[in-house]
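Q: I am attaching a structure below and will ask some questions about it afterwards.
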């Protein structure tokens, strides 16, 4: 029988979660300057509202959502808008950003606001409130959360899945949220179940977090139909498709969304964030970030104002060790290397992992020896070996025929490849090229 | 792909994700295979005396020098040329003139691998191609099996013959291999000497059990696809078992079929060459069944007593088709990946 608690294939990188798994979440002090890029979520970037010289309070909008698949951006600290211009973005490019000089003597109390009572709201009104609060997927994807709360007509959703797998090595962001704020998670689930009109929710947590599973089970309200399910520890267990297969046995058809098989998946951090919207009325202006890795002196779990610079986090965590060579935003399997210590933490930044030469990849590559390791690792059963050969030969159209679109860029193939071929990097480039060709054709 | 930025005193490196890497590497796999062959060469030395390491060394030298001369820079370090040389050496008779072994190694790497574009590009197993070349060029030398009598330290046959001179008349006592005895004289050999290696034959044809142990080690480390030898042995056992049931006087029993000739060496070390075998699991089973069936067919109805080499080379040629036919079902779809056109 198929293992109901997992999926087939995948890899087992060293977890290294012990660095921060027991560290309570601490609040980082407000930095001197906050940088808020307008592009922090998947979809259309936010539309600028603020002007240089504007005085903003904590929680004020500095940019408005531009369309439905877009969210506003709020000031994460009180201060004065200093400048609006190009600034290093965590994805490696430059992006338009609002820079705010933080008022040192401000008590940082948000303006009084009306807290909506969720029971009395229609689904549409909840969706609006969530969009207005700027909530996005906090697991790294940064997809606007409210979009998933409004399934199109004709799509029937029966199950809400809460993603607490946190399969990326090193990260303990979701882990600590589940351990320290289990009630908030349950409250967020209650609001979401109400909005989606579903009767059932499952929280999936990898079994390497027994304290999180226990905390969630102990605090579970009697009237809430929620299951807490331990999952096999394997990367990429936290990918939507893999998680749904493990928890429900359903396969998301190629090219479709989880909605089409009756499932909505939300990250546990986003759920806690929704809970906060309906508890305090505060929008998404801060998030939990794990700062960890062998290259950082005091690995920690922090609540960080969105827009704090990487430099501030590293300084707060005691600085870097001498042998640090690489700083990654997100987990080490999917995250992006940072070239600039001034890059800000954005809504989708799950962690900061500082690696040393010992952990990072070697540079030397060898030819593909057709060992088949990548086929045994690929969770969606494409043929990375073949795709890699096609990419090296520049035959990009044929890559699309070979199911390039089904690749989720999880990096399992690159992780196992004994020849150290940067497979997922080549696939990311090929996907970008395919998108460009499609746009040119249209 | 990799750049280094200077940020104060800090040197930050930019790399593409994933930033972690499993510890296995291509050179590590290849050198592990080389390491696992050391006991096999030692066993050959035990049975055949100093001739064994000399022939293996000559074949390996031919392979390494050719890789060095015509291969891409630094490709000696990946260890694959060394494997080709040692494996070729193990398929040769102990009394072979060393210059022939050297030539076979050079041919195997040059025409078996480098002309295709080097590591990972070749269609046929380079060691077997080298042996096929030698068999075509020097059929007599390749089928002369000196007897194992005489002192251990004595060279078997004419190892030191000069290139292209007519070989000295063989005055050593010659003997037939177990398969030859079976084929041409219908004389079986006892099973235990066969398994342990105390018979006549090529250097690596003899120590079947030891080769199985060494291959088992590689399979445990996942450096060798166990499905290929498993399906080869299974197919050979079943088919030769059927023949044995039909006529036990003419055909050997399955255990003899498994442990005679180059079957164990071929199944464990040659057919499992990653480059020239299928990448899918289903493909590996098919590939092994094909080899097993061809081995039994050639041994039974062919003109030669042994057919492992040709069986593997023939199936090597079919690998692109096998891969194409056995692509796994892509997640969330009803059928296999369609990128098959590109396999060639």
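Since every read-out is calculated from the coordinates, none of them should be taken as a lab result. Keep in mind it's a predicted model, so treat the numbers as computed, not measured. Every residue, glycine among them, receives a Cβ derived from its backbone with ideal geometry; neighbour counts consider all protein chains shown.
Q: Calculated from DSSP H runs of 4 or more alone, at -39500 (n - 2.57) each and per residue, what is the 222 nm mean residue ellipticity of chain A, nearest 500?
A: Helices in chain A give a 222 nm mean residue ellipticity of -7500 deg cm²/dmol.
Q: Just want to confirm a number: the relative contact order over chain A, from Cα pairs under 8 angstrom separated by 6+ residues, in percent.
A: Over chain A, the number comes to 19 percent.
Q: Can you compute the equivalent ellipsoid semi-axes for chain B, i.e. the square root of 5 times each eigenvalue of the Cα gyration tensor, sorted largest first and rounded to whole Å?
A: Taking √(5λ) for each eigenvalue gives 37, 27, 17 Å, largest first.
Q: For peptide A:320-331, what's the mean number of Cβ atoms from other chains within 10 Å of each residue's Cβ?
A: Values: counts 2, 0, 2, 0, 4, 6, 6, 5, 5, 0, 2, 4.
Taking the mean over all residues of the peptide, I get 3.
Q: Report, for the protein assembly as shown, the % of DSSP beta bridges that are antiparallel, rounded to 5.
A: 65 percent
Q: Please report, largest first and rounded to whole Å, the three semi-axes of the ellipsoid equivalent to region A:119-280, where each semi-axis is the square root of five times an eigenvalue of the C-alpha gyration tensor.
A: Each semi-axis is √(5λ); the values are 22, 19, 15 Å.
Q: Along Cα→Cβ, 7 Å out, is where each label goes; now give me the distance between the ones at residue B:190 and residue A:362 in nm to one decimal.
A: Each label point lies 7 Å from its Cα, and together they span 4.9 nm.
Q: With a Förster radius of 45 Å, plug the Cβ-Cβ distance of residue A:297 and residue A:397 into 1/(1 + (r/R0)^6) and report the FRET value to the nearest 0.05.
A: 0.35
Q: Over region A:119-280, what relative contact order in percent results from Cα pairs under 8 Å that are six or more residues apart?
A: 33 percent
Q: OK, next. Among B:48, B:287, B:321, which one shows the highest mean-square fluctuation when chain B is modelled as a Gaussian network with alpha-carbon springs under 10 Å?
A: In the Gaussian network model the winner is B:321.
Q: To the nearest 500 deg cm²/dmol, what mean residue ellipticity at 222 nm is calculated for chain B from DSSP H runs of n ≥ 4 alone, each contributing -39,500 (n - 2.57), summed and divided by the residues?
A: One gets -16500 deg cm²/dmol as the mean residue ellipticity at 222 nm.
Q: Compute the relative contact order of region B:186-231 as a whole-number percentage, counting only Cα pairs closer than 8 Å that sit 6 or more residues apart in sequence.
A: 22 percent
Q: Can you give me the distance in nm between label points at residue A:428 and residue B:230, each placed 7 Å from the Cα along the Cα-to-Cβ direction?
A: In this crude spin-label approximation the distance works out to 3.7 nm.
Q: Follow-up. Which angle from 0 to 90°, rounded to the nearest 10, does the C-alpha axis of helix B:281-301 make with the longest principal axis of chain B?
A: Long axis of B:281-301 versus the principal axis of chain B: about 20 degrees.
Q: Just subtract the alpha-carbon distance of residue A:321 and residue A:48 from 0.36 nm times their residue separation and send over the number in nm, one decimal. Please report the intermediate quantities before stating the final value.
A: On the way: separation 273, 0.36 × 273 = 98.28 nm, distance 3.88 nm.
Gain on stretching residue A:321 to residue A:48: 94.4 nm.
Q: Further, regarding this structure: For chain A, just say rounded, prolate or oblate: build the C-alpha gyration tensor, square-root its eigenvalues into a ≥ b ≥ c, call rounded for a/c under 1.5, and beyond that prolate if a/b exceeds b/c, oblate if not. Please list the in-between numbers first.
A: On the way: a/c = 1.42, a/b = 1.19, b/c = 1.20.
Rounded shape, in that the Cα axes give a/c under 1.5.
Q: Can you put B:155, A:341 in order, fewest other beta carbons within 10 Å first?
A: The fewest-first ordering by Cβ neighbours comes to B:155, A:341.
Q: Beyond 22 Å, how much of the Cα-Cα pair distribution for region B:223-334 remains, as a whole percent? Intermediate results must be reported in sequence, preceding the final value.
A: Details: 2002 of 6216 pairs.
Cα-Cα pairs of region B:223-334 separated by over 22 Å account for 32 percent.
Q: Between residue A:57 and residue A:183, how high is the FRET efficiency from 1/(1 + (r/R0)^6) when r is the Cβ-Cβ distance and R₀ = 25 Å? Nearest 0.05.
A: So, using R0 = 25 Å, E works out to roughly 0.30.
Q: I've got another one for you. Highest GNM mean-square fluctuation, chain B, Cα pairs closer than 10 Å: which of B:57, B:132, B:325?
A: For chain B, modelled as a Gaussian network with Cα springs under 10 Å, the answer is B:325.
Q: Given points 7 Å out from each Cα along the Cα-Cβ axis, report the residue A:93 to residue A:222 separation in nanometres with one decimal.
A: 5.4 nm
Q: Give me B:190, B:247 ranked fewest to most by other Cβ atoms within 10 Å of their Cβ, as a rough exposure proxy.
A: B:247, B:190
Q: By count of other Cβ within 10 Å, fewest leading, how are B:270, A:193 ordered? It would help to have the intermediate numbers written out before the result.
A: Values: B:270 28, A:193 18.
Arranged by neighbour count, lowest to highest, B:270, A:193 become A:193, B:270.
Q: Please give the FRET efficiency for residue A:12 paired with residue A:156, using the beta carbon to beta carbon distance and R0 = 41 Å, rounded to the nearest 0.05.
A: Numbers: r = 37 Å, r/R0 = 0.89.
E between residue A:12 and residue A:156, to the nearest 0.05, is 0.65.
Q: While we're on this one: Consider all pairwise Cα distances in the protein assembly as shown and report the whole-number % of them above 40 Å.
A: Counting pairs separated by more than 40 Å, the tail of P(r) holds 46 percent.
Q: Would you mind telling me which residue in A:229, A:266, A:237 has the biggest mean-square fluctuation in a Gaussian network model of chain A, where springs connect alpha carbons within a distance under 10 angstrom?
A: So, out of A:229, A:266, A:237, the one fluctuating most is A:229.
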